[in-house]
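Data first, discussion second: the structure below is written as C-alpha cells.
Read-outs throughout are calculated quantities, based only on the coordinates presented, and are distinct from any laboratory measurement. In this text, all values refer to a predicted model and were calculated from it rather than measured experimentally. Note that each Cβ is placed from the backbone with ideal geometry, even for glycine, and that neighbours are counted across all protein chains shown.
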Amino acid sequence: MKLTVVVPTLNEEKDLYKTLSSVKDLADEILVVDSGSTDKTIEVAKNYGARVVNHPFTSFSDTRNFGNDEAKGDWILSIEADVVVPQELATEIRQVIEENKFSAFFIPRLNLIWGKPIRHTDWGPKDDTHIWLYQKGSGSWKSLVHEEYKANGPVGKLKNYLVHKNYETISEFIEKINRYSDLAVKQHNSFPSWWFLRDFFKRYFYKFGFLDGYHGLFLSYLQSVYYLTLTVKNKTKQ
C-alpha cells in the first residue's frame, strides 16, 4: 500500500520545509498542489522531492479533491502546509495502512496559537479531530470553507495527533475571519443573530477555554466575532 501526502500551498515558504521534512520518510509520494505562489514555496517543495502541480484556487474542497485525483498512492494523507507529523503519528499511520481495517481515519490536531499549545476552547486535540487519512476513492471533500472529508466506508480514529502551527498573530486571525466569512456567505451559510454569544459561552465555559488563560479568552472572543461578522455580511447582502 503506497501513501501520497497531499499538501495544498499558496506562499508557504516559511513553514513548508518543516511539514515536508516530517513526512519525507513516511510518504511514497509528496504532492504539492500550488495555487500560484510567488515566494519560494515551489523551490522548497522540489528540494524535498515533491511533485508540484498548479491548480487555481476556487475553494478549499476543490483544491483537496484535485489533489486526490492527482495522487498516485493507494492511501492519501491530506494536510496543510503548516502541519507537522510527529514520528509517533507516522508510525501509527504506517501500521493502520498495513492493517487495512478502515477506509479512512480521524486524526486529532494539537493547535499552536500565538505561540502556545491550546488544549481546550474547542481547539484542543479532543475537539479538533477530522478525517485526514483515507483510501483513494473512498469519499470526497465537501464545503467551500471549513472543508470536511466525507468517507463512504467505515472510519477509524488514530491516537496520536498532528501538530498544527496555527495563527501566529491576532492580525492573521482577523484576516481569516474576513476571508472565511466571505466564503461562508458565498456558500449561503447562516446562523441566528445570537449565535456569536452562544459560541463564546460554549468555548470559554463549556469547553473550558478559561483553562487556556488569556489565549482561551481571546480565542473565544474572536471566534464569536466570526459569527457576528457572518451575520452582518448576510444581512447587508440582502
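Quick look at the numbers
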quantity	calculated
Where labels lie 7 Å past Cα in the beta-carbon direction, separation of Lys142 and Lys237 in nm	2.0
Loop-located chymotrypsin sites (Phe, Trp or Tyr not before Pro) in region 127-202 whose Cβ has at most 16 other Cβ within 10 Å (DSSP)	Trp194
Backbone HN-Hα couplings from phi across region 33-42 [Karplus 6.51/-1.76/1.60, Hz, Gly and Pro as x]	9, 9, 9, x, 4, 10, 9, 9, 4, 5
Cα gyration tensor shape of the chain, rounded if a/c is under 1.5, else prolate or oblate by comparing a/b with b/c	prolate
Normalised convex hull volume, region 170-237, alpha-carbon set, Å³ per residue	73
